[in-house]
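The values are calculated or read from the model by the stated rules, or taken from the named source; none is laboratory data. Remember, predicted model here, so these are calculated numbers, not experimental data. Neighbour counts are summed over all protein chains in view; Cβ atoms, including those assigned to glycine, are modelled from backbone coordinates with ideal geometry. These accessible areas exclude ligands, DNA and RNA; they are computed on the full protein's heavy atoms, side chains included. Shrake-Rupley method; radii C 1.70, N 1.55, O 1.52, S 1.80 Å.
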Amino acid sequence: MYLITGCNGQLGRELTARISNAIATDSDTLDITDFDAVQKFVCENNIDTIINCAAYTAVDRAESDVDLATRVNVNGPENLARTGCKLVHISTDYVFDGTSHTPYKTTDAANPASVYGKTKLAGERAILQNNDNAIIIRTAWLYSPHGNNFVKTMLRLGAQRETINVVCDQIGTPTYAGDLADAIVKILPQINRDTAGIYHYTNLGVCSWYDFATAIMELGGRKCHVNAIPTSEYPTAATRPFYSVLDKAKIVKTFDITIPHWHDALRRCLPQIQE
């Protein structure tokens, strides 16, 4: 039996729709920061594999909410790892400082610049120390028809405004949660001690937030003009990586996964959002 945590998030909802023999939980039905509760739930429901989509993802708020971010992003994953179940855990490009100019490999040194990134990295390390059958997937710029995300915000603002400012000097790759969910479904039967470890998954290609916003307006039928601005004109509490393109070669080779380009993924997702 599979357990999906964080089932109401973007990825959690995509996975719940794809895996019929899964128990889907949120923080109200299972507190992953409570090890006894986790262990009891796993035993009572004969859980064999956990997909952890639960996370504290309020990047700017985490700068002042360190305790809660730590409990959810570090203690929670550690508790799930300690159950001994096979585990797929979702991590982030924010474990890197963004000073590279070539796609980050899984073997590159992590150096997070934000509380969010630091807690996610600590969560990765806690998992690897406590579980030999864990797959950690770092992803980035996630969007879907569910919840709040950049694509939905751009569509909403594009319908309300004639112009909008978007940063052009943060470079990465958008990820459609449906594509990531498809990849995870393919990975699940292949989890073992030989495949355990850290992987990267985003859609293919490279763009800035400005490029992404421009594509959303064009494909989404919005007349709104997007102005490119530097990050210095849009200050935030947490430092974002300026470059966080992830190298996907390892996940493609290990699990024989085909990854769509971000522009194609956006084109497929937009009609679902606009319904």
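What to note about this one:
- If the Kirkwood radius is taken over C-alpha pairs of the chain, then at 25 °C and 0.890 mPa s the Stokes-Einstein diffusion coefficient equals 129 µm²/s.
- Bridges between two residues of the chain, per DSSP, are antiparallel at a rate of about 5%.
- Between the listed residues ALA237, ASN131, MET154, the Cα displaced farthest toward the positive end of the dipole of segment 128-275, a dipole computed from Cβ unit charges relative to the Cα centre, is found at MET154.
- Here is the result for segment 82-154: no chymotrypsin sites (Phe, Trp or Tyr not before Pro) lie in DSSP coil with at most 10 other C-beta atoms within 10 angstrom of their C-beta.
- Å³ per residue enclosed by the Cα convex hull of segment 114-263: 117 Å³
- Long pairs among LYS120/LYS250; LYS86/LYS253; LYS118/LYS253; LYS152/LYS250; LYS223/LYS248, criterion Cα-Cα beyond 23 Å: LYS118/LYS253; LYS152/LYS250; LYS223/LYS248
- Residue among THR239, THR119, THR258 with the largest mean-square fluctuation in a Gaussian network model of the chain, springs linking Cα atoms under 10 Å: THR258
- Size of segment 88-179 from its Cα atoms: along the principal axes, largest to smallest, the extents are 51, 29, 23 Å.
- With all protein chains modelled, accessible area of LYS186 [1.4 Å, Å²]: 90 Å²
- Candidate aspartates and glutamates for bridging to LYS186, where Cα separation is under 15 Å - those fewer than 8 sequence places away on the same chain excluded: GLU14, ASP256
- The stretch between HIS225 and ASN46, if pulled fully straight at 0.36 nm per residue, gains 59.1 nm over its current Cα-Cα span.
- Shown in residue order for segment 102-114 are the 3J(HN,Hα) couplings computed by the Karplus curve 6.51 cos²θ - 1.76 cosθ + 1.60 at θ = phi - 60°: 10, x, 6, 8, 5, 8, 5, 5, 7, 7, x, 9, 10 Hz (x for Gly and Pro).
- Rounded to whole Å, sorted largest first: equivalent-ellipsoid semi-axes of segment 217-275, Cα gyration tensor: 27, 23, 9
- Label point of GLN274 set 7 angstrom out along Cα-Cβ; within segment 190-214, amide nitrogens under 15 Å from it belong to 214.
- C-alpha long axis of helix 177-187 to longest principal axis of the chain, angle in °: 30 degrees
- Mean Cα-pair separation over length for the chain, i.e. relative contact order, pairs under 8 Å, 6 or more apart, %: 21 percent
- If you run the Gaussian network model on the chain, springs between alpha carbon atoms under 10 Å, then out of SER208, SER100, SER91 the most flexible one is SER100.
- Expected-Rg normalisation [2.2 N^0.38 Å, Cα atoms] applied to segment 155-241: 1.44
- Longest to shortest principal axis, alpha-carbon extents of segment 1-133, angstrom: 46, 30, 28
- Result for the chain in a Gaussian network model with C-alpha springs under 10 Å: among LYS253, LYS118, LYS105, the largest mean-square fluctuation is at LYS253.
- Peptide packing: for 4-16, 193-205, the average count of neighbouring Cβ atoms within 10 Å per residue gives the ranking 4-16, 193-205, highest mean first.
- For the chain, calculated [θ]222 nm from helices alone, where every DSSP H run of n ≥ 4 adds -39500 (n - 2.57): -10500 deg cm²/dmol
- Residues listed by number, segment 152-172, amide nitrogen under 16 Å from HIS263 label point at 7 Å toward C-beta: 172
- Accessible area in square angstrom per residue, segment 70-202, 1.4 angstrom probe: 38 Å²
- Enclosing the Cα atoms of segment 56-135 in their convex hull gives a volume equal to 85 cubic angstrom per residue.
- Ranking by accessible area, most exposed first, for SER114, SER27 with a 1.4 Å probe: SER27, SER114
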